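Written out below as structure tokens is the structure these notes cover.
Please treat every number below as a calculation from the coordinates, not as lab data. Remember, it's a predicted structure, so these values are computed and weren't measured experimentally. All Cβ positions, glycine included, derive from the backbone under ideal geometry; neighbour counts span all protein chains shown.
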Amino acid sequence: MSGRRSSAEHGPDEGRGLDPFGPRSLRDYALVADGERGALLGPQGEYVWMCAPRWESGAVFSSLIGGRGGYALAPVGRYVAGGYYEEGSLIWHSRWVTRDHGVVECREALAFPGDPHRAVLLRRVLPQERPAALRALLEPAADFGDGPLRDVRRDEHGVWHGRAGGLWLRWSGAAEGARPVDGGLELDLALSPGTGCDLVLEFSDRPLEGEPPDPGRAWAATRAAWRDAVPGLGHALAPGDARRAYAVMRGLTGRAGGMVAAATTSLPERAEEGRNYDYRYVWIRDQCYAGQAVAAAGAYPLLDDAVRFVTARLAEDGARLRPAYTGGGLPIPGQRRLDLPGYPGGFDLVGNQVSGQFQLDAFGECLLLLAAAARHGRLDADGWQAALTAAEAVGKRWQEPDAGIWELSPRHWTHSRLVCAAGLRALAGAGAPARRAARWNALADAIVAATDRGGLHPSGRWQRAPDDPRADAALLLPALRGAVPADDPRSTATLDGYLAELADDHFAYRFRHDGRPLAHAEGAFVMCGFVVAMAEQQQGRTGSAYRWFERNRAACGPAGLYAEEYDVAQREMHGNLPQAFVHAMMLEAAARLAPG
């Protein structure tokens, strides 16, 4: 299962000598996550990406972007791969139809909920009706490959111990028969009919003391925790996919309540265009999208998590709120390059420059989130204080240029201002005292009036900025959020103008970059497709809303995960994976479009 051996022994690529940790199309990957970190898993049972101990840490498996490190388990011989999630969870079943051993399955998960200091990766080969032969290869390399496995030893119980960078490692279960190989451990498994086996891999930034986890108890606790964490959502459109979207967001949400934007870094949005970013951090805007989506579906715990994280950041930073933070609420490090090849079409990059930006719309989204919580009776005194802080920040800063939703050069972006107006109106109508409500509504009126003077296109639709007359998908959000009524002529003109200029076969694009055809400049923006579905539904165009929803619901791989963009011609996903705000908008659309 590595480049050191003939691949004819190890999988479906007989005679081609392929590396099982080599990059694949993003549609081929599944995600397991526990809130504190996540891992990407390919169809040959290969983990190619995991940061440990936390989302923003260095990767211990970084082969996805050309680094060292991976963990593979698959049948020996030829097979056809597939897989599926257990309903309402991020427990993945790898499934291989083999030539010699019938069907072989392996259940995969990170023990859930996660410990911030220790990752526990569970793999259980399920009982089979025929003999099965599998091979496992563990090649950890911490810090994006700079910390290879060292100090390897097997104790008297057959448990393997080692170090990788600053991490402690322990591999137990059926791993007693493993053997050291260059940079890792290799294991052959021969299973009799009706028997299975467990492999438990731990990484920790502290010494691993005591006994390894009992696999049976770990699995039982993980499955029970997922059952408790993900609501039924039977009232939503496409309830199974809505539950998966909720599970993805829960898997990306840590103990502090912060939801990272994606599990990965450096996956290009467009090949060789230089658009590579590190999304392993919590964007305030995305966090608010997630909370509002959950609020649309019901008063579920992820709403409380979003409010808790946003409230804490507003309490700490006030009007100087950063656009994004680490999962623990700390500032994000600046960008730096790694000495790695990168995912094909992209390059290696960690950290993010976003901390130096001012994004006005984040305050509006905070207000919308806190108002949604208040309507559900879930906003405490600290939350109301955070709302006051955000409203005051809007009052002070709404006339400043900002980077906007797409994080571009500072301008007076129309969307930023109108979303702030929407947030003020929502908060005013969510139980605020009459005097404050009147003041917030008056400020919202003033913002809309000022924006109308510079941000209204001659055709009657909203335009991107006073000096930018183009249409933009983001300009559909103000009507959805209540900045102006849905039947306001500016709302209908904006939707109709957008559909005429930036929609193609029920796929949505953000804005026109240049004179090229839309799909040549970037992929369809999947989040925007769900926004259009909700905008169409708001206008009473139910049939069109369903078509938009179904078209974009299908813009995923077999695991049902969404990336940021979708290449329509190649039917390929682009950008970091899974992209949280796409799952949030999918869930919100599923809730809002549901009949009745």
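Across the chain, C-alpha contacts under 8 Å between residues 6 or more apart give a mean separation that, scaled by the residue count, equals a relative contact order of 12 percent. Under a 5 Å amide H cut-off, with hydrogens placed 1.01 Å from N, Glu46 pairs with Leu73 among residues at least 5 apart or on other chains. Peptides 167-176, 462-471, ordered by how many other C-beta atoms sit within 10 Å of their residues on average, highest first, read 167-176, 462-471. Note on Ala449 and Ala486: their simple-model spin labels are 2.8 nm apart, each label 7 Å out from Cα toward Cβ. PRE reach from Tyr84 (point 7 Å along Cα→Cβ): which of the stretch 104-132 fall under 19 Å by backbone N? From the stretch 104-132, the list is 104-109, 124-129. Name the shape class, rounded, prolate or oblate, that the alpha-carbon gyration tensor gives for the stretch 7-227, where a ≥ b ≥ c are the square roots of its eigenvalues, rounded holds for a/c under 1.5, and otherwise prolate holds if a/b is larger than b/c and oblate otherwise. Rounded shape, in that the Cα axes give a/c under 1.5. Between Gln399 and Arg320, the simple spin-label model (points 7 angstrom out along Cα→Cβ) gives 2.3 nm. Using alpha carbons only, how many degrees (0 to 90, rounded to 10) separate the axis of helix 526-538 from the longest principal axis of the chain? The helix 526-538 is inclined about 40 degrees to the chain. With each label modelled as a point 7 angstrom along the Cα→C-beta vector, the Arg571-Arg223 pair spans 3.4 nm. Fewest-first ordering of Glu87, Glu536, Glu365 by other beta carbons within 10 Å of each residue's beta carbon gives Glu87, Glu536, Glu365. The convex hull built on the alpha-carbon positions of the chain has an orientation-averaged projected area of 25.9 nm².
Specify whether the C-alpha gyration tensor of the stretch 147-188 places it in the rounded, prolate or oblate class, a ≥ b ≥ c being the square roots of the eigenvalues: rounded for a/c under 1.5, otherwise prolate if a/b is larger than b/c and oblate if not.
oblate
Couplings 3J(HN,Hα) for the stretch 379-385, derived from phi with the Karplus relation 6.51 cos²θ - 1.76 cosθ + 1.60 (θ = phi - 60°), are 10, 8, 4, 5, x, 5, 5 Hz, where x marks Gly and Pro.
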